[in-house]
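Okay, structure first, notes after.
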Amino acid sequence: ELRKSGQPNIWGAIFELYVKQNNRQNKIKSLPYQVRNSLSIPEQNYSSNIEEARVKAAEYHYALAIQLLDLKDKRKARDAYQELNNVDYYISNYKNVTSLKTKALNQGKLFVLLNVRNASNNQIPNEFLTELERINTSRLNSTWVLYDLTSDANKCYDFNIYINVQEVRISPELV
């Protein structure tokens, strides 16, 4: 039924069904001869069907990833990255998937600039603000979001986050 639909997005499901049928066939092969003979189940070789479905599923996800990357949209680039992971699931080292994944990662990243500002009514020493700007952004970074404390002219920032220091309390016990 799935095969007859002609829809290109069904090849993953077809692949999984053929793999299940092949696994079932292998379990039947492990049964004693008398049991297999009494079941009257014809032996089938699903290898070519599995391979065809694997290739067509990879081709589908690859083509979809290319379309998504061509949209030049950050969210679509993330979707393209997932589609390329799907390609890897079916066929590792398929065409130029590795370079396309790099492109999708670069195209899909959000750049965030963190700004520390004195929003209190008090004079705060510059050293204190400088120390606040030493936040280790690598702990904040993720696959899709990169944080910077200083502006980089080579980046176009998607978001600016302002850290407003409103009050600083210093007591003798803490010094």
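Which aspartates and glutamates, on any chain, are close to K27 with Cα under 12 Å apart, when same-chain ones fewer than 8 places away are left out?
E43
Taking the full set of protein chains and a 1.4 angstrom probe, give the accessible area of I41 in square angstrom, rounded to the nearest 10.
80 Å²
Viscosity 1.002 mPa s, temperature 20 °C: what is the translational diffusion coefficient of the chain from Stokes-Einstein with a Kirkwood Rh over Cα pairs, rounded to a whole number of µm²/s? Don't skip to the answer; put the middle values down first.
Numbers: Rh = 21.3 Å.
Value of D from the Cα-based Kirkwood radius: 101 µm²/s.
Give, rounded to the nearest 20 debye, the magnitude of the charge dipole that the range 73-125 has about its Cα centre when Lys and Arg contribute +1 at Cβ and Asp and Glu contribute -1 at Cβ.
With Lys and Arg at +1 and Asp and Glu at -1, about 140 debye.
Provide the gained length on full extension for the span E127 to F111, in nm with one decimal, where the gain is 0.36 nm per separating residue minus the Cα-Cα distance. Numbers along the way, then the final one.
Details: separation 16, 0.36 × 16 = 5.76 nm, distance 2.62 nm.
That works out to 3.1 nm of additional length.
Once both axes come from the Cα atoms, what is the angle between helix 11-29 and the longest principal axis of the chain, in degrees from 0 to 90, rounded to 10?
So the inclination is approximately 50 degrees.
Keeping all protein chains in place, calculate the accessible area per residue for the range 46-143 (probe 1.4 angstrom), answer in Å². It would help to have the intermediate numbers written out before the result.
On the way: 5990 Å² over 98 residues.
That works out to 61 Å² for each residue.
What do you reckon, how do E131, E51 stack up by accessible area (1.4 Å probe), largest on top?
On the way: E131 110, E51 90 Å².
Descending accessible area places them as E131, E51.
Taking the Cα atoms of the range 63-155, report the difference between the largest and smallest coordinate on each principal axis, in whole Å and largest first.
If we take the Cα atoms of the range 63-155, the spans are 60, 23, 19 Å.
In whole percent, and with a 1.4 Å probe on the protein chains, what portion of the accessible area of the range 39-175 is carbon and sulfur?
Numbers: 4480 of 9400 Å².
That fraction is 48 percent.
Relative to the present Cα-Cα distance, how much length would full extension add between Q7 and Y33 at 0.36 nm per residue of separation? Working shown, then result.
Working: separation 26, 0.36 × 26 = 9.36 nm, distance 4.02 nm.
So the chain would gain 5.3 nm between Q7 and Y33.
In a Gaussian network model over the chain where Cα atoms closer than 10 Å are linked, find which of V55, V145, V165 has the largest mean-square fluctuation.
V165
Taking 30 Å as R0, compute the FRET efficiency from the Cβ-Cβ separation of S120 and K72 and round it to 0.05. Before the final figure, lay out the partial values.
Working: r = 42 Å, r/R0 = 1.41.
For R0 = 30 Å, the calculated efficiency reads 0.10.
The values are calculated or read from the model by the stated rules, or taken from the named source; none is laboratory data. Small disclaimer: the values here were computed from a predicted structure and weren't measured. Positions of Cβ are backbone-derived with ideal geometry, glycine not excepted, and every protein chain shown enters the neighbour counts. Surface accessibility is based on the protein's heavy atoms, side chains included, excluding ligands, DNA and RNA. Shrake-Rupley method; radii C 1.70, N 1.55, O 1.52, S 1.80 Å.
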